[in-house]
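Please read the structure below before turning to the comments.
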Amino acid sequence: AEQLQSAALDPDTCEVVAISMRYYPQGETMVLMAGRDGDERKLLHQFWQAVADTRGCLCGWNILHYDLPVLLRRSLALGERPCLLLPPLNKYRTEPITDLFGILFNWEKGKSLKTIAKLYGLHNPLPDLNGSMVAEMDEATLEAYAKNDVDLTVQRYERMAGIYFEPAVPLALVQPDEFPF
């Protein structure tokens, strides 16, 4: 019963239905979706192509502990090879993958992105949606939820930059072909 209850979050039993990302800072948040009866392998392929475009530089909330391990395990299960080898998914690194959760909580247990948004006054138009609701979301709600999570992560990055770490490049100097993540 416990395994069934957490199956949607288990890398070996879940299904990736949406991946959201942004080429920071000028880019718009985009959501790649497989659809409810879609092609998870194709979605993963699109994601790994985007990672290759950034040369492996990524930023996310709990990306080293959850997102990337799940995407790698789903890729392994479906035979979709990442376009490049990622660095080890170990703690205490800030480049080329910046895990804002790990940095903020010094690699210990911490709070959810939605809780942090509330505590720090981040703009969050969807405060009542969370990952446990994904299976019940229609496509429009799922897309809005995925986009909102990236937008919250960008706000968190902007608040932390200059306090917890130096931005990868001076934000005013970033050109479209030089996105750090």
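The values are calculated or read from the model by the stated rules, or taken from the named source; none is laboratory data. Please read these numbers as outputs of a predicted model, since none were measured by experiment. Cβ: placed from backbone, ideal geometry, glycine included. Neighbour counts: every protein chain shown. Surface areas here come from the heavy atoms of the whole protein model, side chains and all, with no ligands, DNA or RNA. Shrake-Rupley method; radii C 1.70, N 1.55, O 1.52, S 1.80 Å.
Below, the figures for the structure above:
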{"item": "Segments classed as helices (runs of 4 or more DSSP H), wholly inside region 1-101, with at least 1 members that are farther than 22 Å from K114 by Cβ and at pLDDT 90 or above", "result": "40-53, 68-78"}
{"item": "Selection count, region 117-143, where residues are farther than 24 Å from T98 by Cβ, within 16 Å of the chain's Cα centre (by Cα) and surrounded by fewer than 16 Cβ atoms within 10 Å (Cβ to Cβ)", "result": "1"}
{"item": "Hits in region 150-168 - residues which are in a helix (DSSP H, G or I) and open to solvent by 40 Å² or more (accessible area, probe 1.4 Å)", "result": "Q155, E158, R159"}
{"item": "Unique residue being open to solvent by less than 70 Å² (accessible area, probe 1.4 Å) and touching a residue at least 60 places away in the same chain (Cβ under 8 Å) when the list is L58, L44", "result": "L58"}
{"item": "All positions within region 127-147 that are assigned to a helix (DSSP H, G or I) and more than 16 Å from I63 (Cα to Cα)", "result": "S132, M133, V134, A135, E136, E139, A140, T141, L142, E143, A144, Y145"}
{"item": "Subset of region 144-162 [over 14 Å from the mean Cα position of the chain (by Cα) and aliphatic (A, V, I, L, M)]", "result": "A144, M160, A161"}
{"item": "Any chance F181 is open to solvent by less than 40 Å² (accessible area, probe 1.4 Å), at pLDDT below 90 and more than 18 Å from the chain's Cα centre (by Cα)", "result": "no"}
